Amino acid sequence: MLRTHTCGELRIQDVGKKVILAGWIDRIRDLGGVKFIMLRDRYGLTQVVLSSESQVELRRESVVQIEGVVRERPKETINRDLPTGEVEVVAEKITVFSSPIRDLPFYPGETKLPSEDVRLRYRYIDLRRKEAMDKIIVRHNVAQAVRNYLSSQGFVEVETPFLTKSTPEGARDFLVPSRLKPGTFYALPQSPQLFKQLLMVSGLDRYFQIVRCFRDEDLRADRQPEFTQIDIEMSFNTREDVLQVTESMLRHVFKQVLGLELSGKLDRLTYDYCMNTYGSDKPDRRLGMEFKDVSDCFKDANYHIVSNVLIQGGVVKGFAINDFSEKMTRKLADELDEVAKSLGLGGIMWFAVDQNDTLRGSALKHLEKNYKEIMEKLSMRAKDVFILAVGRNSSVNIVLGEIRKILGERFFSHLKTGFDVFWVIDFPMFEYSEEENRFVAQHHPFTMPNLEDLEKYKDSDLSKIRAQSYDIVINGFEVGSGSVRIHNAELQREVFKLMQLSEEEIRIKFGFLLEAFQYGAPPHGGIALGLDRLVAIICNVSSIRDVIAFPKTSSGVCPLTGAPDVVNERQLKEFKIKVGGD
Ligand code: ASP
């Protein structure tokens, strides 16, 4: 053994023991007569004392082995911030395994860190920092808790292919050219969706996989082209069964990893309720600020824009923000007005209750005495602000939702503590794609529609058909989504047709699924949860890059390896691929 203890292990009971430690030199303090070294590994830091006679040349971040004896630190040098802070090791022998040949781009032991780009370029140094490495370890603990829980419930982990055919989750595929069949391509899976359904057809009635998925999306700030899902599918179950298994799994994870009990049964909110109350299908409810319809208060208002909207079936809605009047400046109001305009409304109205119940704001002139009614309806008090929007209900929801989000991010991060976990159910089955000029599946086309809705609206208004789908939302993030699936070839074909897929497209893309359904398929359903986001929430960090060992930047580049990169001519020739201009 090259060590007897880790650098996080020695305590006062170990005084007098002969030990061997190994690790990186975090810091050196040279006091002339003696040198103090902070030796670091992933478990912690231990102070080592070297006598002045030692001739070994040491540098920060050298990797060394130290043999010595544990002794109690003098009272005044005890470090209460370190678990090993009551002891130190008096070195008798020191062996240098390797020493940096030049200065490091940054030192993990320093509090001032370089930019994220530099940290990702040298991620192996970045991960020497305990805070960075601990998140990777929490990730392991989460994955382990998931595996243990699901295995204990009879789920079987099955690997599905990475080199496969396109699986439609609504993003672009990453393609891999085939050398043996030039001109053809594998697609990397956007999810194992079709394979997990085929496993249900095989009779493996409880499947899971912690699996990498690939989506070639235009990267937004916190997306990764490859990400990991906890993918689950089960047969002979109702929607309720999937929700319960997922809920119990999350309870187990929070308990195991954080020692925390998620209390009570998780709320189930409908999609319509969320949109009407928070203007989002993944609201952060910790912020409060629920929308209230105050159309009634404007019924007799002498304001033709509002009365016209109301006559046409529109609404006046808004939300109160407690203790915000001092922050509600003209400048902020103008900014929120612009947000509303960019989303298609004329602007917002607002009023603030200043000290002594004096009122201010753009809504006042139209409210006359009605603001009293509004204030009562919303139990508003001094210093509160009320923000209103007028228009079609769906547009008002979107605008207020965006404003709520902006204000939440900027002013109310102190409310974002603890965990708010709940379900959103009854999403619309289809949404209209302006780009494709047809209805597309809101979740994916294998989702079971609400059959009553389907009968009622399939020939009139597809947007009214609800899906048997569900999302799990934690702290304002959609952490997972899933659905009961279609298990009948005829119904599946009908749904494809409603999405205007041609017979030819159906055959090429999904022929194998429809064929499998003809040979006996059980009712089934499932869910996939984003492991990266779940771990980020558990670690209380905003970026999923922090919980991925080697993440890519937001432009899809790996700063460490330089991927994606050009390949040589010979490789391209083997694939019969020519890289041309436009
Ligand atoms: N495959 C879906 C997704 O990746 C999740 C599911 O329906 O299970 O979003």
Calculated on alpha-carbon atoms, Rg and Dmax of the chain in Å:
29.9, 93
Show which lysines lie in cross-link reach of LYS331 when reach means a straight Cα distance below 23 angstrom and same-chain residues fewer than eight apart are skipped.
LYS317, LYS341, LYS365, LYS383, LYS405
Which one, VAL56, ASN141, VAL424, is farthest towards the positive end of the dipole of the chain when Lys and Arg carry +1 and Asp and Glu -1 on their Cβ?
VAL56
Subtract the Cα-Cα distance of LYS165 and ILE12 from 0.36 nm times their separation in residues, and report this length gain in nm to one decimal.
49.1 nm
Bin all alpha-carbon pair distances of the stretch 189-322 at 10 Å intervals from 0 and give each bin's fraction as a whole percent.
9, 21, 29, 20, 14, 7, 0
Can you give the relative contact order of the stretch 404-512 as a percent, counting alpha carbon pairs under 8 Å and 6+ residues apart?
27 percent
Considering the convex hull of the alpha carbon atoms of the stretch 85-197, report its projected area averaged over all viewing directions, in nm², one decimal.
15.3 nm²
Packing-based ranking, highest mean first, of 157-164, 143-150, 67-74 given that Cβ atoms within 10 Å are counted:
143-150, 67-74, 157-164
Separation of the stretch 341-417 and the stretch 115-152 by C-alpha centroid, Å?
41 Å
Within straight cross-link reach of LYS165, meaning Cα distance under 28 Å, which lysines are found once same-chain residues fewer than 8 apart are removed?
LYS181, LYS196, LYS497, LYS509, LYS552, LYS573, LYS576, LYS578
Which one of PHE324, ASN450, PHE227 is farthest out on the positive end of the charge dipole of the chain, using unit charges on Cβ (Lys, Arg +1; Asp, Glu -1) and the Cα centre as origin?
PHE227
Roughly how many percent of the accessible protein surface of the chain is carbon and sulfur, given a 1.4 Å probe and a whole-percent answer?
50 percent
On a 0 to 90° scale, report how tilted helix 503-517 is relative to the longest principal axis of the chain, with both axes built from alpha carbons and the result rounded to the nearest 10.
70 degrees
Per residue of the chain, what 222 nm ellipticity follows from adding -39500 (n - 2.57) for every DSSP H run with n ≥ 4, rounded to the nearest 500?
-8500 deg cm²/dmol
A correct Stokes-Einstein calculation for the stretch 26-165, using the alpha-carbon Kirkwood radius, 4 °C and 1.567 mPa s, returns a whole-number D in µm² s⁻¹ of 71 µm²/s
Past 30 Å, Cα to Cα, is the threshold; run LYS135/LYS292; LYS282/LYS327; LYS112/LYS416 against it and keep the listed order.
LYS135/LYS292
What's the center-to-center distance, using Cα atoms, between the stretch 473-517 and the stretch 197-251 in Å?
15 Å
Any idea which of LEU180, PRO559, GLY526 is furthest toward the positive side of the dipole for the chain, if Lys and Arg beta-carbons carry +1 and Asp and Glu beta-carbons -1?
PRO559
The chain - accessible surface per residue (Å², probe 1.4 Å)
51 Å²
Ranked packing of 522-532, 546-556, 244-254, most packed first, by mean Cβ within 10 Å:
522-532, 244-254, 546-556
Where nothing but the Cβ of Lys and Arg (+1) and of Asp and Glu (-1) is charged, how large is the charge dipole of the chain around its Cα centre, in debye to the nearest 20?
1420 debye
Taking a straight Cα-to-Cα line shorter than 14 Å from LYS18, and setting aside same-chain aspartates and glutamates fewer than 8 residues away, one finds GLU9, GLU67, GLU72, GLU88, GLU92
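The values are calculated or read from the model by the stated rules, or taken from the named source; none is laboratory data. Owing to the predicted nature of the structure, the values given are computational and were not obtained by experimental measurement. Every residue, glycine as well, gets a Cβ built from its backbone with ideal geometry; the counts of neighbours run over all protein chains shown. Only protein heavy atoms, including side chains, enter the accessible area calculation; ligands, DNA and RNA are left aside. Shrake-Rupley method; radii C 1.70, N 1.55, O 1.52, S 1.80 Å.
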